[in-house]
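In what follows, a structure is listed as structure tokens, so that the remarks can point back to it.
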Amino acid sequence: TNIPPHNLTEVTSACIALIDNPELDTRELLQHVTGPDFPTGGQIIGRAGIASAYLTGRGSVTMRARCAIEEDAKGRESIVITEIPYQVNKVKLISRIADLVRDKRIAGISDIQDYSDRTGMRIWIQVKRDASAQIVLNALYKSSDLQTNFGVNMIAIVNGRPELLTLQDCLRHFIDHRRTVVTRRTRHDLHKAAERREIVEGLGVAIDAIDRIIAIIRGAADPDSARAALQAEPLQGFAQFLERCDRPAEEVARAKQGPYQLNERQAKAILDMRLQRLTGMEREKIEGEYRELCVTIAYLESILADPKKLMGVIREELVTLRDAYGDKRRTEIIDDDSEIAPVDLVADEAMVVMVTRGGYVKRIPTAEYRVQARGGVGVKGGSGRDAGDFVTVLFEANAHDFVLLFTNTGRVFRKRVFELPKGRRGGHGKAFINFLEMKKEETIVETLSYQEDELDDDNFVVMATAQGYVKRTRVKEFANIRTTGLIAAKIEDDDQLIDVQLTRGQQQIYLTSAKGMAIRFDESDVRPMGRTARGVRGMKLKGKDHVVSMLVLDAKSDASILTLCEKGYGKRTAATEYKVQQRSGQGLIAIKVTGRNGPVVGALEVTEDDQVIVVTSHGKVIRTTVSGISEMGRNTQGVRIIRMSKGKNERVVAFERIIDPDDNKDDEDEDDDKDVEDQDESADDAADDDDADDADDDDDGDDGDDGEDDEDDEDDEDDDGDDE
């Protein structure tokens, strides 16, 4: 939830208008609530974000400092800042601007001073003679907190459940809340007034029979006996009391029908009464109070009986509140279409993005992971929120890249990488449900990052499922994805999406199964389909085997295939050893799946110069060079890539290739990485290599099922039916 502050006058005026005309919609209410009003003043640039926030519940409001360009007598320009955006710290802002100047990221500033005092804010920036103050100011808007965005997310708890609210919803719920509060308050006041009237009524009757009251009290042995005797005594004079209090004739007539009996509260009040209440003046006060209480009770009962009168009370209180405390707007709204895009405020640095099984995501700069030798223990970097949570998806992309987020049910969402939450190396990240409109049973199982220029007719999105189905869809069909997501593929109940890749149309698809089988076939074997189609069979599976990963290879690729198993063992094999087959076959043996290795986690296309990041179920991360991993034949067990903790059921859950590794291989002796052990792996690696002897490849599966038709193909239906 992130609801901005608003102007009291505007909000109360909108509530009053909605009370007067309950049929007003959000666009009509925008005439009263023009936008957020921040206590620090400043400016809001553009109205599109405001309209989006009020109409949908979500939006981004661009806040900008109030700045002016001044010129001295010598013609030198300076920038004067008198108001800053909401939640921006002035000291940090000045420090940030100074850092930008010192790092030469902004040119044209010669001095900055803070002349703020109790009369107001004044930050003075001296511009160099040869610089333009307006150009410098524009650069500050882009690079500093002089211009920031307030992400509006109007989620509130309504009837015990979170709801995304529009402006109209917010005001209606507030009015409903006021109705509940005023009703409860009125009932409480009515109850208190009725109780007080009962006491005053008893006192009034007692004063008329004071001699008898005194006699009863004097004759009682103790207060309890006196109270009981008073309750048992029939008293006269109630009708006369009502007449003196100007009560209606029918009420007086009912009082004359019999004597008056005091109840316990009245009797206690009489016993507590001081003798001074017996004077004639006090008697008049009691009768006057009784009259006022009767009027108050009648008024309160009328409010509870008439909904219109109740709303009138609410309206009157809002008017009183507005007149007493309302003020003018502090934040000016400027109609300006030249808004700075959020992407212009973010450095396009390389990021590692991690998604956990529990539905958490974070992005971390790639440079935070240093290089280790093969077989290292690793550093903390991929832990989930608890012991049962671990990384399931790992990829590298630049901050400006787009990322498609695919769910296990075949739906897809789209975000920029920098829009994903930035986390710490040992942090948990942020839950997808906080910023994606996912259904309860959905989880993010795969992601696909791409750059904007890759969105053309020649590129495709290829999807694979656990049951071996493959589907190819043009990437342009994912260009416009609404916040609620789109259907990417039809997934059967006993299947789920496991991998997604971007292709250029003339490449080859490589599927790997948990039991170590792999199949390679031409991408063209899978015809392009619409988003709602299921796809065709890519790999025939035996028993309970299932597909764990998919690669996209170039036909003439001289790279290697790195295959990794759960227990940290893996190997790389030349891609040329995996011959091209027809799809729907069982494939060839990619790695021996043994008790030592465990099931296959996945496969990557790598070269000698690449590095890989490996993540375990305990959140441990190791970054190592591919050149340190032996290249072997297909039908082998491989060598240890990462050492598992003994006796803790630790296993590899994800790994990813790092495309442009930094040159920080010498950082292994840093003091802050004491959790990384210096190990002598020579003996272990020798044993590993002995286990990795090439075996005969006669155990490979079939080369394809040429006779199998595409009866598994789903109709390439029109996508009009997937608007969910």
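Quick note: the coordinates plus some simple rules give every number you see, no bench work behind them. Values in this document were obtained by computation on a predicted structure and should not be read as measured data. Don't worry about glycine lacking a Cβ; one is built from the backbone with ideal geometry, like all the others, and counts go over all protein chains shown.
Would you work out if the stretch 66-145 is rounded, prolate or oblate? Take a ≥ b ≥ c from the square roots of the eigenvalues of the alpha-carbon gyration tensor; rounded if a/c is under 1.5, else prolate when a/b is larger than b/c, oblate otherwise.
Values: a/c = 1.77, a/b = 1.15, b/c = 1.53.
Judged from the Cα gyration tensor, the stretch 66-145 comes out oblate (a/c at least 1.5, b/c at or above a/b).
Treating the stretch 110-195 as a set of equal point scatterers at the Cα positions, no solvent, please give the Debye-formula log₁₀ I(q)/I(0) at q = 0.13, 0.16, 0.18 Å⁻¹.
Debye curve over Cα of the stretch 110-195, log10 I(q)/I(0) at q = 0.13, 0.16, 0.18 Å⁻¹: -0.73, -0.82, -0.90.
Can you run phi through the Karplus equation (6.51, -1.76, 1.60; θ = phi - 60°) for the stretch 213-228 and list ³J(HN,Hα) in whole Hz, with x for Gly and Pro?
4, 5, 4, 5, 5, 5, x, 7, 6, 8, x, 5, 5, 5, 5, 5
If you place +1 on the Cβ of every Lys and Arg, -1 on the Cβ of every Asp and Glu, and leave all else neutral, what size is the dipole of the stretch 420-570 about its Cα centre, to the nearest 20 Debye?
Details: 24 positive and 23 negative charges, 94 e Å.
For the stretch 420-570, the charge dipole is close to 460 debye.
Kirkwood hydrodynamic radius for the stretch 1-79: how many Å is it when counted over pairs of different Cα atoms?
Working: mean 1/r = 0.0678 Å⁻¹.
Roughly 14.8 Å, rounded to one decimal.
What span do the alpha-carbon atoms of the stretch 369-665 cover on each of the three principal axes, reported in whole Å from largest to smallest?
45, 43, 37
Here is the link list: Lys471/Lys579; Lys579/Lys646; Lys104/Lys476; Lys90/Lys620; Lys544/Lys571; Lys256/Lys285. Which ones come out longer than 28 Å on Cα distance?
Numbers: Lys471/Lys579 21 Å; Lys579/Lys646 38 Å; Lys104/Lys476 40 Å; Lys90/Lys620 39 Å; Lys544/Lys571 24 Å; Lys256/Lys285 24 Å.
Distance filter (> 28 Å) returns Lys579/Lys646; Lys104/Lys476; Lys90/Lys620.
Taking just the alpha carbons, could you work out the radius of gyration and Dmax for the stretch 197-305, both in angstroms?
Over the stretch 197-305's Cα set, Rg and Dmax evaluate to 14.5, 48 Å.
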